[in-house]
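See below for the structure under consideration.
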Amino acid sequence: MTRFGDFTLLEDLGQSATADRYKASHATQGGPFFLKVYSRLDTALHGDLAQRCEALMGRSHPNLATHLGHGAIDGMPFVVSPFLEGIDLGRMASSLVDRRVTVGLETLLLLLIEVGGGVDALHAIAPGPAGSTQIGHGDVSVGHVRIGLDGQIW
């Protein structure tokens, strides 16, 4: 697949149990963007995803990638955010281990504070799952934490 609707897929960034991730450009909006296509998401969860995405529109937090939009093409849901140059935490950790680089406690605590700040910001956004005042979020793992070229943590 080299196209998804008006998006041109520039690079395959991997997949999860429910979605495929791409670096992409848009025919009229430019890019690059991070495009997540929920190709394996149970259709019963499409409404939940749309509700979460609507709650993210217009929100801003220094530790969260901006939610630029969402929708569905041929019944397949997708979300779009800016493409964040950098490395994911899992790859960075592997690189540090491979090179036998030791990271100090101060650096680890800073990382934990920044990641916690992003998760806290998600929890502060309503609506979430039925009966909750918090937004539900997906997996928070080292592969979903991104470290920018200038040290910014999302």
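On the basis of being open to solvent by 30 Å² or more (accessible area, probe 1.4 Å), closer than 29 Å to Leu10 by Cβ and either part of a loop (DSSP other than H, G, I, E, B) or at pLDDT below 85 (or both), does Gly131 make the cut? So Gly131 fails the test. The set of residues from the stretch 27-51 being touching a residue at least 40 places away in the same chain (Cβ under 8 Å) and touching a strand residue (DSSP E or B) at 6+ places or on another chain (Cβ under 9 Å) comprises Gly31, Pro32, Phe33, Phe34, Leu35, Lys36, Val37, Tyr38.
For the stretch 89-107, a tally of residues being of a type in the set (D, E, K, R) and closer than 19 Å to Asn63 by Cβ returns 2.
The values are calculated or read from the model by the stated rules, or taken from the named source; none is laboratory data. Just so it is clear, the structure is predicted and the values come from calculations on it, not from any experiment. Using ideal geometry, Cβ is built from the backbone for each residue, glycine included, and neighbour counts are taken over all protein chains shown. Ligands, DNA and RNA are stripped out before the accessible areas are found, and what is left, the full protein with its side chains, is counted by its heavy atoms. Shrake-Rupley method; radii C 1.70, N 1.55, O 1.52, S 1.80 Å.
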